[in-house]
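Participant: Have a look at the structure that comes next, please.
The values are calculated or read from the model by the stated rules, or taken from the named source; none is laboratory data. Being a predicted model, the structure only gives us computed values, none of them experimental. Neighbour counts are summed over all protein chains in view; Cβ atoms, including those assigned to glycine, are modelled from backbone coordinates with ideal geometry. These area figures cover heavy atoms from the full protein model, side chains too; ligands, DNA and RNA do not enter into them. Shrake-Rupley method; radii C 1.70, N 1.55, O 1.52, S 1.80 Å.
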Amino acid sequence: MRVVVTGGAGYIGAHVVRLLASRGDDVVIVDDLVTGVADRVAGAPIVELDLVSDRAADALSVALRGADAVIHFAARKQVAESVARPAWYYRQNVGSLAVVLEAMESAGVRRLVFSSSAAVYGATEGSRIRETEPTVPVNPYGDTKLVGERMVAASVAAWGLTAVSLRYFNVAGAGWDELGDSAVLNLVPMVFERIDRGEPPIIFGDDYDTPDGTCIRDYIHVLDLAEAHVATLDAMAQGAPRHDVFNVGTGRGYSVREMVEAIREHAGSTVPAEVRPRRAGDPAVVVADPSAIRDTVGWVARRGLDDIVTSAWSAHRFLSR
Ligand code: UFG
């Protein structure tokens with residue numbers, strides 16, 4: 001199979017590229033290398049391209065020649081930045097998807113896996129989230145993903161695209177040391193970074209309505225997530241065009257305190273965590289009901305907290321050498 005992977009030099013994209021290449025698929029990466037890192041995918045062909053540049057449509061048409069499918073990861077993903085620069089976020093995330101969809105239509109490429117996010121749900125509370133839950137994003141980042149899903153759905157209806165939007169929960173860990181998350185934006189890399197510097201890990205709020213008062217999230221190992229993409233690609237029917245939307249999580253939540261303690265223990269840190277006030281916009285509990293992708297695609301997460309912490313620590317050590 002020939003697969004064009006936009007954002008294939010990013011943290012998640014590079015894991016998928018490696019899985020596809022290792023089973024013999026023909027992979028072409030399209031990446032602007034702003035947050036992507038070419039070293040992550042040494043050996044795979046990269047078309048260096050900003051998908052919202054003037055030349056994007058023409059260059060992408062060339063890259064799409066003979067392709068069977070597209071996996072579209074390329075996007076910006078910092079919630080705080082999206083609040084500060086909303087118009088830029090829409091141009092980046094929505095604009096680039098528009099270019100991808102138009103180029104796919106004209107090139108006759110009819111299979112798409114789109115990177116969506118649990119951020120489309122907004123402030124949910126309580127039980128495990130199903131895909132039918134109302135989608136009310138609480139920041140521009142989440143809204144760009146929801147608009148993206150709608151664009152994908154409209155393209156499915158219009159011209160025979162078959163697509164799956166995958167709503168990722170909290171992605172962490174590394175399948176290979178050199179593919180670790182180098183961004184230090186999220187809880188797991190943040191805690192490792194602070195432990196490394198001899199600083200206390202920070203817990204944002206311990207007065208939530210949860211058993212230990214800290215926020216609960218569904219942490220999914222990046223290699224499980226990558227396998228979900230490959231399984232989805234394989235399962236996509238060639239028959240009637242359709243758009244499926246699946247949560248990709250484990251269905252099991254861990255509190256921030258549980259995560260911080262697991263990481264401290266693994267790193268042998270004796271510095272206790274420091275509790276700070278709540279971070280604006282954090283819902284108390286975000287945990288997936290992942291049964292739809294299990295029942296339709298046959299994918300389930302196989303790795304647990306231990307694998308996430310061990311692999312993230314090993315990658316962190318490797319990347320900060
Ligand atoms: N947290 C801390 N201390 C830190 C960092 C984070 O206590 O140093 C807490 C946060 O307050 C939150 C939890 O850890 O309660 C997880 O925070 P992250 O920033 O790692 O992740 P979020 O759940 O906020 O968001 C992530 C992605 C988003 C995506 C969302 C979907 O970063 O892009 O999951 O649920 F939209």
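Participant: For the stretch 1-121, take the convex hull of the Cα atoms, compute a quarter of its surface area, and give me that in nm², please.
Facilitator: Result: 7.4 nm².
Participant: What fraction of the DSSP beta bridges in the chain is antiparallel, stated in percent and rounded to the nearest 5?
Facilitator: If I count the DSSP bridges inside the chain, around 5 percent turn out antiparallel.
Participant: Just to be sure I follow: if Rg is taken over the C-alpha atoms of the chain and Rh is the Kirkwood radius over the same atoms, what is Rg/Rh?
Facilitator: 0.96
Participant: In addition: Based on the Cβ-Cβ distance from residue 276 to residue 302, what FRET efficiency comes out when R0 is 30 Å, to the nearest 0.05?
Facilitator: 0.30
Participant: What is the diffusion coefficient of the stretch 134-251 in µm²/s, taking the Kirkwood radius over Cα pairs and the Stokes-Einstein relation at 20 °C with a viscosity of 1.002 mPa s?
Facilitator: Answer from the Stokes-Einstein relation: 125 µm²/s.
Participant: Order the peptides 100-106, 67-73 from the highest to the lowest mean number of other Cβ atoms within 10 Å of their residues.
Facilitator: Highest-to-lowest ranking by the protection proxy: 67-73, 100-106.
Participant: Follow-up question, since we're still on this one. Rounded to a whole number of µm²/s, how large is the Stokes-Einstein D of the stretch 197-248 at 25 °C and 0.890 mPa s, given Rh as the Kirkwood radius over C-alpha pairs?
Facilitator: 162
Participant: Just to confirm the filter: which chymotrypsin sites (Phe, Trp or Tyr not before Pro) across the stretch 148-220 are DSSP coil and have at most 12 other Cβ within 10 angstrom of their Cβ?
Facilitator: Sites meeting the loop and neighbour criteria: none at all.
Participant: Arrange the peptides 220-228, 253-261, 36-44, 312-320 so that the one whose residues have, on average, the most other Cβ atoms within 10 Å appears first.
Facilitator: By packing density, highest mean first, the sequence is 220-228, 253-261, 312-320, 36-44.
Participant: Turning to a different aspect of this structure: Between the helical axis of 187-196 and the dominant principal axis of the chain, each derived from Cα atoms, what acute angle in degrees is found, rounded to the nearest 10?
Facilitator: 50
Participant: Distances longer than 22 Å among the Cα atoms of the stretch 167-321: what percent of all pairs is that?
Facilitator: Distances greater than 22 Å cover 45 percent of the Cα pairs.
Participant: While we're here: Using modelled backbone amide H atoms (1.01 Å from N, in-plane), which distant-in-sequence or interchain residues come within less than 5 Å of residue 165's amide H?
Facilitator: 114, 244, 245, 246
Participant: While we're here: Using DSSP to call loops (not H, G, I, E or B), can you name the trypsin sites (Lys or Arg not before Pro) in the stretch 197-249 whose Cβ has at most 14 other Cβ atoms within 10 angstrom?
Facilitator: Those satisfying the criteria are 197, 242.
Participant: Local charge sum around residue 179 (other residues, Cβ-Cβ under 11 Å, Lys/Arg +1, Asp/Glu -1)?
Facilitator: So the surrounding residues net to -2.
Participant: Okay, next question. Show me the trypsin sites (Lys or Arg not before Pro) within the stretch 46-135 that DSSP assigns to loop and that have at most 15 other Cβ atoms within 10 Å of their Cβ.
Facilitator: Answer in residue order: 55, 65, 130.
Participant: Distance in nm between label sites at residue 291 and residue 240, each 7 Å beyond Cα in the beta-carbon direction?
Facilitator: 2.4
Participant: Taking only Cα atoms, what is the 0 to 90° angle, nearest 10, from helix 11-22's long axis to the longest principal axis of the chain?
Facilitator: For 11-22 against the chain, the angle is about 60 degrees.
Participant: Can you give me the % of accessible surface on the stretch 191-266 that is carbon or sulfur? Probe 1.4 Å, all protein chains present, nothing else counted.
Facilitator: Reported share for carbon and sulfur atoms: 46 percent.
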